[in-house]
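The values are calculated or read from the model by the stated rules, or taken from the named source; none is laboratory data. Just so it is clear, the structure is predicted and the values come from calculations on it, not from any experiment. Cβ coordinates were reconstructed from backbone atoms using ideal geometry, including for glycine residues, and neighbour counts include every protein chain displayed. Surface areas here come from the heavy atoms of the whole protein model, side chains and all, with no ligands, DNA or RNA. Shrake-Rupley method; radii C 1.70, N 1.55, O 1.52, S 1.80 Å.
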Amino acid sequence: MRQRSLTETNAGAQPSGSADEQEQLLAQVKSCLGTTLQLDSVEHWTADTRLLGSVPELDSMAVVTVLLSMEEYFGIEVEDDEISAETFETVGTLSAFVAGKLHHPH
Amino acid sequence: MKAQQRFLLHDSRRLLLTGFGLGTASRAVIIVPPFAEELNKSRRMLALQGRALGAVGVPCCYLDLSGTGDSDGEFSEARCSRWIDELSALLHCLRSDYGVETVDLLGLRFGAIVANELARDAALPIGRLVFWQPVTNGRQYLKQFLRTRVMAGVISGSGGRESVTELRTALATTGALEVAGYRLGDELACEIEALELRDLPAVPAIHWIEVHGGAEPALSPASRRFVQGLPVSVETRAVQGEPFWSTVEIGLAPALIEATTQILGGVE
């Protein structure tokens, strides 16, 4: 019986490391969000949790701060044309974006 | 403990000096401030740290550098090179007016890079360096600063999206640019871009402290890699707290004050 690979279960996400790595990345991204936005608890957030438009603290200035904190935490550099509102649609889309940067730095 | 305040005169500019316990010991700490809005958001923490050190008998002070706070000068005319001169002048003032023989530097965010530049002058009596959440790359930091102007358009979806690259070109062409309430001059931008946290001096000790949320704070992956790559030994630690230099509501990191007071407050 063929195992379903992670890339099939996470439709739309880039293939990006083991299940453990993805879990850890999701936790780190949640932590960055929670700390930057001064939210009491992001423990219950999942990859499907909606961000932009649903989290009132996430306005355009907060987006800048979140990007900065993720760049510094993960040691990545984000270019202008890589960011759109879609990047911040859910915790999962944001996490996938970071994973992409970590695995394909330029 | 009450803050001591006076003006320091340097190069015809009056610079506001805030001190705690100056004159009570021959070793003092100079806090080197962060940049622009990060300084505004950090003011409470700076005062708390100053007070905490003063309370354990370690004089501590910081300067409103030219073009910032209550000191003379326009932000649009500010220069890193001038800021370093001003800090050097502060050091000399501490020696002549307050009997200070050795100075430890506490650099916060971009202030860590500035503190490092100052410490590299071997002629100055610098003891220990402490970096709070240091910025390590001026080029990327400037991009992040310019990005504050770009993002409003991106997220609101309003047409006409400026890019950081376009902004940087506009800045070079016109000489100054309004960014999130700050009038940034091209000369200052060029200086920031050229600076990095590198060539750390051979001072007695260098400490690197980061602030993280969550129950088990640990150095970020990026910081771990950076420190591992350094040719000098740096003591690192992570404490729990809010990233107060960037939070919307005034943030605090009491654990950071505690750790720093322990390091600079006596024999480590």
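General remarks:
- For the stretch B:220-256, the tally of residues that are of a type in the set (Asp, Glu) and modelled with pLDDT under 95 stands at 2.
- Candidates A:GLU77, A:GLU89, A:GLU71, filtered to the one that is open to solvent by 40 Å² or more (accessible area, probe 1.4 Å) and within 11 Å of another protein chain (Cβ to nearest Cβ): A:GLU77
- Verdict on B:ALA123 being open to solvent by 10 Å² or more (accessible area, probe 1.4 Å), touching a His at 6+ places or on another chain (Cβ under 6 Å), of a type in the set (Gly, Ala, Ser) and more than 14 Å from chain A (Cβ to nearest Cβ): no
- Flag: B:ARG79 matches the condition of being surrounded by fewer than 24 Cβ atoms within 10 Å (Cβ to Cβ), in contact with a helix residue (DSSP H, G or I) (Cβ under 8 Å, 6 or more places away or on another chain), touching a residue at least 12 places away in the same chain (Cβ under 8 Å) and not aromatic (Phe, Trp, Tyr).
- Residue in the stretch A:20-31 that is more than 9 Å from chain B (Cβ to nearest Cβ), farther than 19 Å from B:GLU216 by Cβ and buried (at least 18 other Cβ atoms within 10 Å of the Cβ) present: yes
- Spans of strands (runs of 3 or more DSSP E) in the stretch B:1-51 with at least 2 residues under 20 Å from the mean Cα position of the chain (by Cα) and within 25 Å of B:LEU142 (Cα to Cα): B:27-32
- Each residue in the stretch B:219-247 was checked for being in contact with a His (Cβ under 7 Å, 6 or more places away or on another chain) and within 11 Å of chain A (Cβ to nearest Cβ), and 1 pass.
- Selection within the stretch B:78-100 - in a loop (DSSP other than H, G, I, E, B) and closer than 14 Å to B:LEU188 by Cβ: B:ALA78, B:ARG79
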